[in-house]
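The structure appears below as C-alpha cells.
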Amino acid sequence: MTKPSLALCLTLLSVPALQAQPAPPGMAQSGPLTAGAITLETSEVPYEVTLPGRAVAYEKVDIRPRVEGVISEISYEPGKPVKVGDLLFKIDNATYEAELLSAEADVASAEAELTNAGLTVDRYKQIEGTGISKADLQTAQADLQKAEASLKTAKAALSKAKLSLSWTEIRSPIAGVPDVADISVGSIVTSNQTDALTTVTRFDPIYVDVEEASVRILEIRDQIEGGILNGGKSLDIDLQLETGKMHSGKGKMTSPGTSVSTTTGTIALRLQFENPERVIIPGQFLRVTTKVGTRNAILVPQGATQRGSDGSLFAYVARDGKIAKAILTEAGAYQNSWVVVDGVSDGEQVLVDNIRNLKEGADVKTIAVEYVDGVIKEVASKDAADTGATGTDAPATSTAQTAGE
C-alpha cells in the first residue's frame, strides 16, 4: 500500500484551520446593526443669553489740587487701599497760614468798628435835639450798617482763608485704591489744573457693561408673553473671566438701557458684581451669561447630530427597529446639546454611536447608553447586573459592528 506523501498530509491537516477562520473584514454579516442610543425626554431647559462685556470701575476719581503751591509730601502708598478722607498729598501751607492770620485780624478790626458804630448810634439817640441833629443820627446809623457789612466781608474772607488752608491737604473723596503719583515732592501745582496728581479707583463692587440687540430683547418678550418661555422672578447672571474660569459672585442689573444705538441697533446694559478680591480690573473683556427663564424642550447631544448639505440639522433615530432620519428644529444650545423644539418627540431613541456610518432604513438593535461630555457609557441591564456585569465607557467615536460591514 502506497503511503501518503508528506505534502498530502499537511494539506489535509490544514483544511479545518482554514474553515475556522472568520470572514475577512468588509464581508457582509447577517443581523441588524447594533448601536448605542439614548432615550429623549422633554424637560425644562434654561434659556441663556451669553454676551461679551467690559469691566468698568464702580467709582473713579482724578485727584487735582484746589489751591496752588509746592508739593511738600506724598502721604500714601500706591496700590494700598485708602478710605474716604485719607491724606494723599500736602501742599506747603506757610502762605495760607499767614493769609488766615490776616483774615482773623480783619474780622477782629471789623468787629471793633461795628461795636464803635453801635455805641455812636445809641449815644446820638439819647442826645438827639441837644447838639445832635437828625441828620447826624442818620449818618451814624449808616456808618453802623457799613460796619456790619464790613464784618460780613471780613468773615467771608476768613472762611475762604480757612478753606484754602484746608485744601493744602489733599484727601481722598472715595474709598478705593490710588494709582502711582504723576508728580513728586517739590513739584509746583496750580488750582484745578488739567493734569491729575493721581487717580483713585474703587474696585468693589464693579460694573460690567454689555450690549444686546433690541431685536432679541423684543423676541424674548414675545416668547414670555406667548407662554413659550417661562420668565423667572429675577435674572440669574453669571460672569466668565478672561481665563475661562467662572466668577464666584452673581450679578444684578443696575442700569437697563433706555435707548437704542442708531449705528449698532443695540441697547447698552450695566451689570454689577461683587469683587472683594479685585479679580476683575476695569477694562477687562469678560463674558456674561444671563438665564432669562426656562422652556419645555428636548436636549439632543451635539455629537449625535450632523449638518446636511443644505445646512439642516438632523439626527438618526430608531423607529420600529429601523434607522430613520429626523430633521431637527433647534432654538439654541445648552451644555453641549441642541435645544430641540421640533423633529423628535418624547420617548424616542436617538442613535449616538458610530453615526457617520448609519444608513437610513437599515435594521438596528439599540443598546441603552448614557452620553456625558462626549463619552458613551453603556447602561447595565438587569440581567447583567444579576451576573455582576457592569457597563463600560467608550468614546463617542467608537465603531459598532454593523450588518454589511
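Could you run through segment 139-165 and say how many residues are within 20 Å of residue 101 (Cα to Cα), exposed (fewer than 15 other Cβ atoms within 10 Å of the Cβ) and charged (D, E, K, R)? Steps first, please.
Filtering segment 139-165 for residues within 20 Å of residue 101 (Cα to Cα) gives 150-165.
If we keep only those that are exposed (fewer than 15 other Cβ atoms within 10 Å of the Cβ) as well, we get 152-153, 156, 159-160, 163.
Those left that are additionally charged (D, E, K, R): 152, 160.
Counting residues in segment 139-165 that are within 20 Å of residue 101 (Cα to Cα), exposed (fewer than 15 other Cβ atoms within 10 Å of the Cβ) and charged (D, E, K, R) gives 2.
Hey, any hits in segment 117-129 for a residue that's surrounded by 17 or more Cβ atoms within 10 Å (Cβ to Cβ) and charged (D, E, K, R)? It would help to see each step written out before you state the result.
Pass one, segment 117-129, residues surrounded by 17 or more Cβ atoms within 10 Å (Cβ to Cβ): 117, 120-121, 124.
Narrowing the set further to residues that are charged (D, E, K, R) leaves none.
No, the conditions are met nowhere in segment 117-129.
How many residues are of a type in the set (Asp, Glu) and either under 28 Å from residue 165 (Cα atoms) or in a loop (DSSP other than H, G, I, E, B) (or both) when one looks only at segment 179-215?
The initial filter retains those residues of segment 179-215 that are of a type in the set (Asp, Glu), namely 179, 182, 195, 204, 209, 211-212.
Next cut, either under 28 Å from residue 165 (Cα atoms) or in a loop (DSSP other than H, G, I, E, B) (or both) only: 179, 182, 195.
Residues in segment 179-215 being of a type in the set (Asp, Glu) and either under 28 Å from residue 165 (Cα atoms) or in a loop (DSSP other than H, G, I, E, B) (or both): 3 in total.
Condition check: closer than 19 Å to residue 294 by Cβ and either of a type in the set (S, T, N, Q) or in a loop (DSSP other than H, G, I, E, B) (or both). Does residue 234 satisfy that? Spell out how you get there, then give the answer.
Values: closer than 19 Å to residue 294 by Cβ: yes; either of a type in the set (S, T, N, Q) or in a loop (DSSP other than H, G, I, E, B) (or both): yes.
Here the answer is yes, as residue 234 does meet what is asked.
Only one of (1) closer than 15 Å to residue 51 by Cα; (2) among the hydroxyl-bearing types (Ser, Thr, Tyr); (3) loosely packed, with under 15 Cβ neighbours inside 10 Å fails for residue 255. Which number is that?
For residue 255, the exception is condition (1).
What residue, among those in segment 260-272 that are polar (S, T, N, Q) and within 14 Å of residue 213 (Cβ to Cβ), is surrounded by the most Cβ atoms within 10 Å (Cβ to Cβ)?
Step one: list which residues in segment 260-272 are polar (S, T, N, Q), which gives 261-264, 266, 272.
With the extra rule that they be within 14 Å of residue 213 (Cβ to Cβ), the set shrinks to 261-264, 266.
Values: 261: 13, 262: 6, 263: 6, 264: 11, 266: 18.
So, considering only residues that are polar (S, T, N, Q) and within 14 Å of residue 213 (Cβ to Cβ), the one surrounded by the most Cβ atoms within 10 Å (Cβ to Cβ) is 266.
Name the residues in segment 192-215 that are among the hydroxyl-bearing types (Ser, Thr, Tyr) and either modelled with pLDDT of 95 or more or buried (at least 17 other Cβ atoms within 10 Å of the Cβ) (or both), would you?
Here is the first cut: in segment 192-215, the residues among the hydroxyl-bearing types (Ser, Thr, Tyr) are 194, 198-199, 201, 207, 214.
Passing the criteria: 198, 199, 201, 207.
Which of the residues belonging to segment 281-303 are surrounded by 15 or more Cβ atoms within 10 Å (Cβ to Cβ) and hydrophobic (A, V, I, L, M, F, W, C)?
Of everything in segment 281-303, those that are surrounded by 15 or more Cβ atoms within 10 Å (Cβ to Cβ) and hydrophobic (A, V, I, L, M, F, W, C) turn out to be 286, 288, 292, 297, 298, 299, 300.
If you go through segment 308-324 one residue at a time, how many are out of contact with any strand residue (DSSP E or B) (no Cβ under 6 Å at 6 or more places or on another chain) and under 30 Å from residue 224 (Cα atoms)?
Qualifying residue count, segment 308-324: 1.
Just to be sure before I move on: is residue 193 of a type in the set (S, T, N, Q) and under 17 Å from the mean Cα position of the chain (by Cα) in the structure I sent?
No.
Evaluate the following for residue 103: is it surrounded by 13 or more Cβ atoms within 10 Å (Cβ to Cβ), modelled with pLDDT of 95 or more and more than 30 Å from residue 62 (Cα to Cα)?
yes
Out of contact with any strand residue (DSSP E or B) (no Cβ under 7 Å at 6 or more places or on another chain), surrounded by 13 or more Cβ atoms within 10 Å (Cβ to Cβ) and not basic (Lys, Arg) - does that describe any residue in segment 273-280?
Within segment 273-280, the subset out of contact with any strand residue (DSSP E or B) (no Cβ under 7 Å at 6 or more places or on another chain) is 277, 279.
Remaining after also requiring surrounded by 13 or more Cβ atoms within 10 Å (Cβ to Cβ): 279.
Subset that is not basic (Lys, Arg): 279.
Yes, the conditions are met somewhere in segment 273-280.
The values are calculated or read from the model by the stated rules, or taken from the named source; none is laboratory data. The model shown is predicted, which means the values in this text are computed figures rather than measured ones. As a convention, Cβ positions derive from the backbone with ideal geometry for all residues, glycine included, and neighbour counts pool all protein chains shown.
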